[in-house]
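As structure tokens, the structure follows; a few thoughts come after it.
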Amino acid sequence: MSSSDAPADDTSGVDTTTETDGETDSGAGTPADPLLAVEGVHSYYGESHILEGVSLDVNEGEVVALIGRNGVGKTTTLRSILQLTPPREGHVHYRGEDLVGLGTNEVAQRGVGWIPEDRRVFSALTVEENVRISVPKGGDVDAAVARVYETFPALEERRNAEAGALSGGQQQMLAIARGLVGENDLLLIDEPSEGLAPQIVADVADAIADASREATVLLVEQNLPLALDLADRFYVLDNGQVVATGDTDDVSADDDDLRGYLTA
Amino acid sequence: MSALFAASVGALPLQLAELFTFDALSSVLFDALSKAAVYAMLAMGLTLIFGLMGVLNFAHGSLTMLGAYLGGLVMVVLVTGATGPWTRLAFFFVGLVVVFGLLSALGATLEVGLIRPLYDRPPIYQILLTFGITLVIDELVRIVVLFYGLQPITEWQEALGTKPYFLGQQLVLGPVSVGGMDLFEMLLGAATVAAVWAFLTRTRYGLVVRAGSEDAEMTEALGIDVRRVFTTVFALGVGLAGVAGMLLMWDNNWGASVPLATETLLPAFVVVIIGGLGTFRGTVVAAVIVGFADALAQWLFVNSVVDFPPLPQLTVFLILVVMLVIRPQGLFGRAEVGGH
């Protein structure tokens, strides 16, 4: 895998980049108006500078993976899109509208859903209550609940159980179900395979693949084979910057250069 | 004194045996249930606010006291000597709606105007602010009460006098006799708990409050304006404080007075801490536990073993200390609640 000083004739399928504010190289096949355009975002936790000019595009209908080792700013990127960690510089355009300055609830109301890293199901609420609360105001709650149970039969069996009593895999299913009933056009999915057994990861992958038929997905994932299997394109994040991007068809999970970005 | 105490303790086994008579047990039971109802009403608003917002509202007692005076004012204006007992009761419920409405509006104003700007500051700012609100409310009420020629530190007798006669009597229900006010407190307490419980578990807004109490950030990410929910819940919590105050305005053991602010804040905090900060179910269970402990201690230390009124209160605080040592998060508490 190439780094920023990679030779010009590198044929690994990975475009290396040190994107700076507002400059985006989103790889092959990018239409003129992406669904989501993150442009030169700088975000901080207190005085810690976490994102240093991150730019990326996600086109409608795509699954785009954001990969990188722990602590490089992947989750912060999602939080910055959602305005949970509002950027101090840069823009986040969604359907052409700048989300910076909006409240998180307003971002969500525009159709941006979040399936967070540690599931964050409401543990004291029942499974069904978790689904019901995720249906937008005015939505058909009963139809949404029925659809979730059709997609995830295991959840129907535990419909009256507190979500905190579910297994990790079931909680992940519930988190995905919550994102689906939110009638979202863009799903931000953060580390869905983290801490799950391999068989459960396969189920989660199927669920994400199903979800991607209904919504565009920006997927943060450290499980490289899973990320490449699910995604159309990828971005590699390192030290708060996008350092590489490409088409997943052009790389493999055992690409040494790509793997190099995921190991400390 | 020590000889008297020794003699009393010596007679303890016999006196404890007296507890297991039908009259003593029923008396303690009804006393416990009425105290539990009052404690639950006092603590409900406090726990709802803390559960969702993580704000320890030190002004809760003062808002209860304000509710007692406002409720008393409504009753004194509406009730005359010729007003019948059932009409007085009807006026009470009119007053309850008025007090709930006024206090809720005050709560919403306080949240939007004073508390909201401090959400991103450390909790000590909110504690100091609500403590400051307490001082302002107490002094304003004291000035107004004195202006109208009333004694702020003693119960407002004119308001107490608006109570229907049957609430001041012992009511005979089959084989048992229960104080009218005790029964009224039990019924109103149970109705209020049921109403809040239904709100939390049967309405979408209640679902949002419970979700927001657990994870405000995730709730916001579902498209819900949690700040607006904060305002509603703060208003509801303050309104409930007012309702509790109006009830206590009719209770001879409490009554509308400025010291009611402190007298109600302490047991409210005890109940909320024992139940687990921010959990409604825990608050109701803790109110029952504290009510029974208080009633039993009162029977033992006031009516039986030794006449020493501070001891029952000591028992309640002893439960608090034991709880903090063995289970600091309370009966149903979580490690973290609330947040913004």
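Bear in mind that the values in this text are calculations on the coordinates, not laboratory data. Not measured: the values here are computed from a predicted model. Please note: Cβ atoms are built from the backbone with ideal geometry, for glycine as well, and neighbour counts cover all protein chains shown.
Annotations
- The label-point distance for B:Ala90 and B:Arg142, in a model that sets each label 7 Å from Cα toward Cβ, rounds to 4.1 nm.
- Backbone phi angles across the stretch B:105-122, fed through the Karplus curve with coefficients 6.51, -1.76 and 1.60 (θ = phi - 60°), yield HN-Hα couplings of 5, 4, x, 4, 5, 5, 5, 5, x, 10, 7, 4, x, 9, 4, 8, 9, x Hz in residue order; Gly and Pro are listed as x.
- Residues whose amide H lies under 5 Å from that of A:Ile115, counting only those 5 or more places away or on a different chain, are A:Leu188, A:Ile189, A:Asp190; hydrogens are built 1.01 Å from N in the peptide plane.
- Taking amide H as placed 1.01 Å from N in the peptide plane, the amide H of A:Gly90 sits under 5 Å from that of A:His42, each at least 5 places away or on another chain.
- Efficiency of FRET between A:Asn239 and B:Phe317 - r from beta-carbon atoms, R0 51 angstrom, step 0.05: 0.40
- Rg/Rg_globular for chain A, with Rg_globular taken as 2.2 N^0.38 Å and Rg from C-alpha atoms: 0.99
- 3J(HN,Hα) along the stretch A:184-193: 8, 8, 10, 10, 9, 10, 10, 6, x, 9 Hz, from the Karplus curve 6.51 cos²θ - 1.76 cosθ + 1.60 with θ = phi - 60°, whole Hz, x for Gly and Pro.
- Acute angle (nearest 10 degrees) that the helix A:141-151 long axis makes with the longest principal axis of chain A, alpha-carbon atoms: 70 degrees
- Calculated FRET efficiency, A:Lys137 to A:Asp33, Cβ-Cβ distance, R0 = 35 Å: about 0.75 to the nearest 0.05.
- For the stretch B:37-257, taking Cα atoms only, Rg and Dmax work out to 18.6, 58 Å respectively.
- In summary, the stretch B:44-119 shows an alpha-carbon radius of gyration equal to 1.36 times the 2.2 N^0.38 Å reference for compact globular proteins.
- Size of electric dipole in the stretch B:183-281: Cβ of Lys, Arg +1 and of Asp, Glu -1, about Cα centre, debye, nearest 20: 260 debye
- Cα-based reach from B:Lys163 at 16 Å (exclusive), listing aspartates and glutamates while leaving out same-chain residues under 8 positions away: B:Glu155, B:Asp182, B:Glu185, B:Asp251
- Local net charge near A:Arg132, Cβ-Cβ under 13 Å (Lys/Arg +1, Asp/Glu -1): +3
- Amide hydrogen neighbours beyond the local backbone of A:Asp232, cut-off 5 Å, H modeled: A:Val63, A:Val64, A:Ala65
- For the stretch A:73-95, the residues whose backbone nitrogen is under 20 Å from a point 7 Å from the Cα of A:Tyr45, taken along Cα to Cβ, are A:73-89.
- Sequence-ordered 3J(HN,Hα) estimates for the stretch B:63-68 from the Karplus curve with 6.51, -1.76 and 1.60 and θ = phi - 60° stand at 6, 4, 4, 4, x, 4 Hz, glycine and proline given as x.
- Those GluC sites (Glu not before Pro) in the stretch A:46-87 that DSSP places in a loop and that have at most 15 other beta carbons within 10 Å: A:Glu47, A:Glu60
- Within the protein assembly as shown, all pairs of alpha-carbon atoms sorted by distance into 20 Å bins from zero give the percentages 18, 40, 26, 13, 2, 0.
- Measuring r between the beta carbons of A:Ala209 and A:Asp98 and using R0 = 25 Å, the FRET efficiency lands at 0.20.
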